[in-house]
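Trainee: My questions all concern the structure below.
The numbers here are math on the coordinates, done by the rules we state, and not lab data. For clarity, every value in this text was computed on a predicted model and none was experimentally measured. All Cβ positions, even for glycine, are placed from backbone atoms using ideal geometry, and neighbour counts span all protein chains on display.
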């Protein structure tokens, strides 16, 4: 059976954040995640209940929302999965790719609602999703068609990164087995050494070496 690996990307200080009112605050540090082998839901946006947004690594999905984080396995199953960043399913007219440009205004950026009919892009499991969304390029065409049909402008090529990773969503605490730390900055190496975990510069390099066997 194929091994399934998930990624939770973390902020520069290797912590998850949540929004309380208009303020972004720490939700959980990497030390706590590894100490209790559990990741707590931290994302509250788009009119949906608090959730943990991860990426399920696969040959067409080796990119990540942020450039550092933790790779893990779990026996739990995501509640649902989408073939791209869920922001593409919202009524946002100004979609931003670079997180640093929105990190201090998350309470505004995440205050959008899903476009009617968005459910067609949300799946119960990865297998069902990949049957309809075989590659990011196919998905790009479909989401643009959907947004244009609903009165939104076609996305510029600069937004393509948002379809290069999927969003596997857990609506509960997730018990994990830490596998590796990724990130190109020194802090990622330091975290890996501290917690006796392998280190990779990116999730893509991890996938190519461990999963694809390159």
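Trainee: Gain in length, residue 23 to residue 59, computed as 0.36 nm per residue apart minus the alpha-carbon separation, to one decimal in nm? Don't skip to the answer; put the middle values down first.
Mentor: On the way: separation 36, 0.36 × 36 = 12.96 nm, distance 3.65 nm.
Extra length from residue 23 to residue 59 when fully extended: 9.3 nm.
Trainee: Take the Cβ-Cβ distance between residue 161 and residue 35 as r, set R0 to 35 Å, and report the resulting FRET efficiency rounded to the nearest 0.05.
Mentor: On the way: r = 32 Å, r/R0 = 0.93.
Step by step, r from the Cβ atoms, then E = 0.60.
Trainee: Helix 136-149 versus the longest principal axis of the chain: what is the Cα-based angle in degrees, 0 to 90, to the nearest 10?
Mentor: 40
Trainee: Taking N as the number of residues in the range 1-67, what value does Rg over Cα atoms divided by 2.2 N^0.38 Å take?
Mentor: Values: Rg = 13.3 Å, N = 67, 2.2 N^0.38 = 10.9 Å.
Normalised by 2.2 N^0.38 Å, the Cα Rg of the range 1-67 equals 1.22.
Trainee: So for 196, 112, fewest C-beta neighbours within 10 Å to most, what's the order? Don't jump to the answer; show the numbers that get you there.
Mentor: Numbers: 196 8, 112 18.
With the sparsest Cβ surroundings first, the list reads 196, 112.
Trainee: OK, next. If each of residue 154 and residue 91 carries a label point 7 Å out from its Cα toward its Cβ, how far apart are those two points in nm?
Mentor: 2.4
Trainee: Taking the Cα centroid of the range 124-145 and of the range 27-87, what is the distance between the two, rounded to the nearest whole Å?
Mentor: Measuring centre to centre over Cα atoms gives 19 Å.
Trainee: Over all directions, how big on average is the projection of the convex hull of the alpha-carbon atoms in the chain, in square nanometres? If you can, show how the numbers build up before the last one.
Mentor: Details: hull surface 46.0 nm².
If I average the Cα hull's projected area over directions, I get 11.5 nm².
Trainee: Calculated FRET efficiency, residue 120 and residue 76, Cβ-Cβ r, R0 22 Å, to nearest 0.05?
Mentor: On the way: r = 25 Å, r/R0 = 1.14.
Approximately 0.30, to the nearest 0.05.
Trainee: Between residue 194 and residue 173, what is the FRET efficiency for a Förster distance of 25 Å, r being their Cβ-Cβ separation, to the nearest 0.05?
Mentor: Values: r = 23 Å, r/R0 = 0.92.
Efficiency, from the Cβ-Cβ distance: 0.60.
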